[in-house]
């Protein structure tokens, strides 16, 4: 008998909690908004506080006998063709760490695409795992990286057959996707599991015109952010698991090791509601979003100075295997300014926040929530940007290295370098030293420098010219990059 996707176990349990007039002498201390500051209630609304109850001893009984969370997870697994699903309220940044730790362990090796998010690097630091870096497909003309090829993983396994498995990021924040089926085959021929960091792919299972979804390509484990391309709240994340290479109980244990003992039920509710919405209406909602994306992309292309990157730009031999059109990536090189300045201008003058921005691009992330009104406002703002581009002034040039110069030697394990005694040195004297910190242009959060890498002039010049042009480095000890944290000699 099939599962009933009309149910939303978490939302239904919250409704029962309120209908029963349940009274808790437990956390949270605001006690259903009664103790909350009236000024907070005025801004946030009481619904936030009403939905904030204990998971066990509130939403469910103290033993979890109602199986509220388990039933919600079973429904999600069924919706996306996974065998097991686990909810997380600590974001995919935690989920991907748990995924790594169930596949490998301290002192072992893991194949990792070098375009991984900083949360993956944090997992390497915390675990002591040795990364075997797999190079992405680098478009040197457009200065953008796409997911690594299956052959790149094949070659990495040939060099390091003892690696415990592989991790790939797909889709990227720019909407490009890997050939997951082929990469999974590379892993499975060796009996090794594949982890997919699919944080940007929550919507993929629900429309046939979108790139392949990890669970439909024989990947073993994937991590998905429900808040990015879905309707969940920030920090709502899920693990999906299939096959017999990873024990579900072990994954649950790793998640418990890293996760909070005070999960936010509001995040569970957002995940649960998103699943029901997509099962019931996903094809229609996403179909409308894809049609809107086609029209919006065509309209932006007509604005002077703008080029919207599409599959013809991003897919092909030695590039990406597939393409999601909902992240609308716009090359503004011809405007003579940077994505940093353009994003700041759009926020200041049109109150619009762009998704990504770099030295030559801005990106507008469309979802099923967008409509003709939101995209009309976006188009009006972009038209205004094109008309006022000369007023932004001559943009500082960012010196982007060649793909060969962008990569540095991993002289020490990320964990060893991060926890080593360190020193601050002027950036002009840092070349040749071993980095003791991550340095990550954000967004999208892919580190340019990792702990343990041997710093080079081209990478340091890229970062210093980037900072001068408006690049944001949130994790650098010195965000202005006058100094760099290195391993002490």
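Relative contact order of segment 1-66, taken over Cα pairs closer than 8 Å and 6 or more residues apart, is 33 percent.
Per the Debye formula with a single identical scatterer at each Cα and no solvent contribution, what log10 I(q)/I(0) holds for segment 403-487 at q = 0.11, 0.15, 0.18 Å⁻¹? Calculated log10 I(q)/I(0) at the listed q: -0.24, -0.45, -0.66.
Among 159, 412, 360, 275, sorting on how many other beta-carbon atoms sit within 10 Å of each Cβ, with the fewest leading, yields 159, 412, 360, 275. Simple spin-label estimate for residue 23 and residue 253 gives 4.3 nm between the two label positions (7 Å along the Cα-to-Cβ direction from each Cα). Taking a point 7 Å out from the Cα of residue 284 in the direction of its Cβ, the residues of segment 1-24 whose backbone N falls within less than 20 Å of it are 4-8.
Ellipticity at 222 nm from helices only: DSSP H runs of n ≥ 4 in the chain, each -39500 (n - 2.57), divided by the residue count, give -11500 deg cm²/dmol.
Gain in length, residue 454 to residue 344, computed as 0.36 nm per residue apart minus the alpha-carbon separation, to one decimal in nm? Could the numbers behind the result be given before it?
On the way: separation 110, 0.36 × 110 = 39.60 nm, distance 3.35 nm.
36.3 nm is the gain from fully extending residue 454 to residue 344.
Using 0.36 nm times the number of residues separating residue 44 and residue 404, minus their current alpha carbon distance, what extension gain do you get?
So the extension gain works out to 124.7 nm.
Looking at the chain alone, DSSP beta bridges between its own residues are antiparallel in about 65 percent of cases.
Simple spin-label estimate for residue 126 and residue 334 gives 4.6 nm between the two label positions (7 Å along the Cα-to-Cβ direction from each Cα). Cβ-Cβ distance of residue 294 and residue 489, R₀ of 51 Å, FRET efficiency by 1/(1 + (r/R0)^6): the value works out to about 0.35.
Dividing the mean sequence gap of close Cα pairs (under 8 Å, 6+ apart) by how many residues the chain holds gives a relative contact order of 14 percent. Whole Å is fine, so just give me how far the alpha carbon centre of segment 410-489 lies from that of segment 347-378. Each part's Cα centre sits 31 Å from the other's. Put a dot 7 Å past the Cα of residue 468, heading toward its Cβ, do the same for residue 261, and the two dots end up 5.2 nm apart. Note on the chain: Cα convex hull, mean projected area over all directions, 24.5 nm².
In terms of the Cα gyration tensor, with a ≥ b ≥ c the square roots of its eigenvalues, is segment 312-406 rounded because a/c is under 1.5, prolate because a/b exceeds b/c, or oblate? The shape class here is oblate.
Subtracting the Cα-Cα distance of residue 392 and residue 74 from their residue separation scaled by 0.36 nm leaves 109.3 nm.
If each Cα of segment 1-66 is one equal point scatterer, what is log10 of I(q)/I(0) from the Debye formula at q = 0.13, 0.19, 0.21, 0.27 Å⁻¹? For segment 1-66, the Cα-only Debye profile gives -0.42, -0.78, -0.89, -1.21.
In terms of overall dimensions, the C-alpha atoms belonging to segment 339-489 reach 57, 35, 26 Å along their principal axes, ordered largest to smallest. Any idea what the relative contact order of segment 69-262 is, in percent, if you count C-alpha pairs under 8 Å spaced at least 6 apart? With pairs under 8 Å counted, the relative contact order is 26 percent.
What FRET efficiency would be calculated for the residue pair residue 209, residue 374, taking the C-beta separation as r and a Förster radius of 25 Å, to the nearest 0.05? Between residue 209 and residue 374 the formula returns 0.75.
All of the numbers you see were taken from the coordinates with simple rules; none came from a lab. Keep in mind the model is a prediction, meaning the values are calculated, not measured. All Cβ positions, glycine included, derive from the backbone under ideal geometry; neighbour counts span all protein chains shown.
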